[in-house]
Amino acid sequence: MEMKQALIIIDIQNDYFEDGANPLTGSLQASLKAKEILGLFRENALPIIHIQHHSTRLDSTFFVPNTTGVEIHKNVSPIAGEKVIIKNYPNSFRDTELLDYLTSNGITDLTVCGMMTHMCVDSTVRAAKDFGYTTTIISDACATKDLDIQGKTVVASEVQKAFLAALSYFYASVKTAEEYLSMGL
């Protein structure tokens, strides 16, 4: 079967940036790398799917519907013809049309970038593998934050490495934007 690729950009939304409600470490730099990958997919007229999280929790402090924080960041704003799927859970497949959209468009291979690496990127990539997709994660087009566990802080750079290392090999191949762009499509 012929490979058909799509780009999935997960939750690169204003609340994850400086002055947002839940800023991540390196979100601006990651969004600029995602923009480079987005440009490649646009140049080659390949399918692009923007995932946008809307929180439905009453006590939510970010991604609150009808706020500027929930909007997709200007560095990767969708243009006409690009699919936008709204989700309410970390896994982009859960209770969304993502699987149906990929299936109906004959997509076999996914390129993923987005935020947060340890949450929505992780759960979406694992689900994609379960559904039979071949996935590539653009490591430097993803961002996360410091996490706390049992009174200790795990800094964002270590969270990033640990989650990408766990996904590497079985769930996805992990490449930098430069490595991916140098391979061509």
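Treating the beta-carbon of each Lys and Arg as +1 and of each Asp and Glu as -1, no other charges, what is the dipole magnitude of the stretch 45-185 about its Cα centre, to the nearest 20 debye? Don't jump to the answer; show the numbers that get you there.
On the way: 11 positive and 15 negative charges, 24 e Å.
So the magnitude is around 120 debye.
The phi torsions of the stretch 146-153, fed into the Karplus equation with coefficients 6.51, -1.76 and 1.60 and a -60° offset, translate into couplings of 4, 10, 10, 9, 6, x, 10, 9 Hz, rounded to whole numbers, with Gly and Pro shown as x.
Quick one: Phe17, Phe62, Phe131, fewest Cβ neighbours within 10 Å first, how do they rank? Spell out each step's value before the answer.
On the way: Phe17 22, Phe62 17, Phe131 12.
Listed from fewest to most nearby Cβ atoms, that is Phe131, Phe62, Phe17.
Residues of the stretch 96-140 with amide nitrogen under 19 Å from the 7 Å Cα-to-Cβ point of Glu179? Residues passing the 19 Å test: 109-115, 117-118, 121-122, 125-126, 129, 134-140.
Simple spin-label estimate for Asn44 and Ser60 gives 3.3 nm between the two label positions (7 Å along the Cα-to-Cβ direction from each Cα). Listed peptides 87-93, 18-24, 30-36, 51-57 appear in the order 30-36, 87-93, 51-57, 18-24 once ranked by packing, highest mean of other Cβ atoms within 10 Å at the front.
Averaging Cα coordinates gives a centre for the stretch 118-173 and one for the stretch 10-73; these two points are 16 Å apart. Assuming R0 = 25 Å, can you tell me the calculated FRET efficiency for the pair Gln150 and Thr25, based on Cβ-Cβ distance, to the nearest 0.05? Approximately 0.75, to the nearest 0.05. Residue order for Glu2, Glu71, fewest other beta carbons within 10 angstrom first, comes to Glu2, Glu71.
Taking a 18 Å limit on the Cα-Cα distance, which of the listed pairs Lys4/Lys129; Lys33/Lys87; Lys35/Lys175 fall beyond it? Checking Cα-Cα distances, Lys33/Lys87 exceed 18 Å.
Could you check how many percent of all C-alpha pairs in the chain are farther apart than 31 Å?
When all Cα pairs of the chain are counted, 10 percent exceed 31 Å.
Going by neighbour counts of Cβ atoms within 10 Å, the residues Met119, Met183 line up, fewest first, as Met183, Met119.
FYI, it's all coordinate maths here, none of it is from the lab. Bear in mind that the values here come from a model prediction, so they are computed numbers and not experimental data. Every residue, glycine among them, receives a Cβ derived from its backbone with ideal geometry; neighbour counts consider all protein chains shown.
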